[in-house]
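The values are calculated or read from the model by the stated rules, or taken from the named source; none is laboratory data. It should be emphasised that the depicted structure is a prediction, and the values quoted were computed from it without experimental measurement. Glycine also receives a Cβ, built like all others from the backbone with ideal geometry; neighbour counts cover every protein chain displayed.
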Amino acid sequence: MDSFPNGAPWRAYLRVLGDTAVDAASAGAWIAAGGLSPARRRLARAGLVAATAATAIPAFRSAAARAEAAGEPPTPAPGPLLDATGVVGDRIVLPDAVTVPQRPTPRQVAKVAAVVAVAGAVSVGAALGGKQVEKRWLARLVRQGHPHPHRALGIRMAAVWAAAVLPARLLTATKAPQHPRTP
């Protein structure tokens, strides 16, 4: 069985849950490292970055493999034979169908600008709000005499981060292509 009774593939949901758990654990570990000495904190955070990069590489490779299996041509990277302008040796590489992009209308530009401004404001607000909550919780843990306040704060912030990110990721997984229902 590779899907729920409604036809939605469960592997996409498992991938979302796993990615969110890894990201939340990374965020919590980053915050928890704040209680270490500077040298150990740098070492712990460098190890965290290395581990995150090591877990991301297979995801990128599998995405490239899926794109290749779907028949999408790979995008050549600039190198000794292909420069950034698309010139290969003596000839120019052009896509099969060249379309001239139309200029966006002022209304479209205004919509995009509004969306970008709102998204930026929400992102900055969430980051500042998160830092404020972080400072308050850390001060409270220290004031109450917690033996490891940074560890406790890391666990709390990881839970908050997961709760904030998981619904959007699950919605994205819901919009993924679904298997046809079989009777």
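Does Ala139 count as part of a helix (DSSP H, G or I), under 17 Å from the mean Cα position of the chain (by Cα), of a type outside the set (Phe, Trp, Tyr) and at pLDDT 90 or above? Against the criterion (part of a helix (DSSP H, G or I), under 17 Å from the mean Cα position of the chain (by Cα), of a type outside the set (Phe, Trp, Tyr) and at pLDDT 90 or above), Ala139 does not qualify. Going by the conditions given, is Val124 surrounded by 13 or more Cβ atoms within 10 Å (Cβ to Cβ), within 26 Å of the chain's Cα centre (by Cα) and among the β-branched types (Val, Ile, Thr)? No: the conditions fail for Val124.
Got at least one residue in region 8-24 being outside any helix (DSSP H, G or I) and at pLDDT below 90? Taking every residue of region 8-24 in turn, at least one turns out to be outside any helix (DSSP H, G or I) and at pLDDT below 90.
The single condition among (1) exposed (fewer than 10 other Cβ atoms within 10 Å of the Cβ); (2) not in a helix (DSSP H, G or I) that His146 does not meet is (1). Residue-level check: of (1) at pLDDT below 90; (2) part of a helix (DSSP H, G or I); (3) closer than 30 Å to Asp19 by Cβ; (4) not aliphatic (A, V, I, L, M), Gln132 misses just (1). Taken together, Ala176, Ala152, Ala162, Ala158 contain a single residue that is surrounded by 10 or more Cβ atoms within 10 Å (Cβ to Cβ), at pLDDT below 85, hydrophobic (A, V, I, L, M, F, W, C) and in contact with a helix residue (DSSP H, G or I) (Cβ under 7 Å, 6 or more places away or on another chain), which is Ala176. In this structure, does Ala126 turn out to be under 30 Å from Gly154 (Cβ atoms) and at pLDDT 90 or above? Taking the combined requirement at face value, the residue does not satisfy it. Please verify whether region 35-58 includes one or more residues that are basic (Lys, Arg) and modelled with pLDDT under 85. There is no residue in region 35-58 that is basic (Lys, Arg) and modelled with pLDDT under 85.
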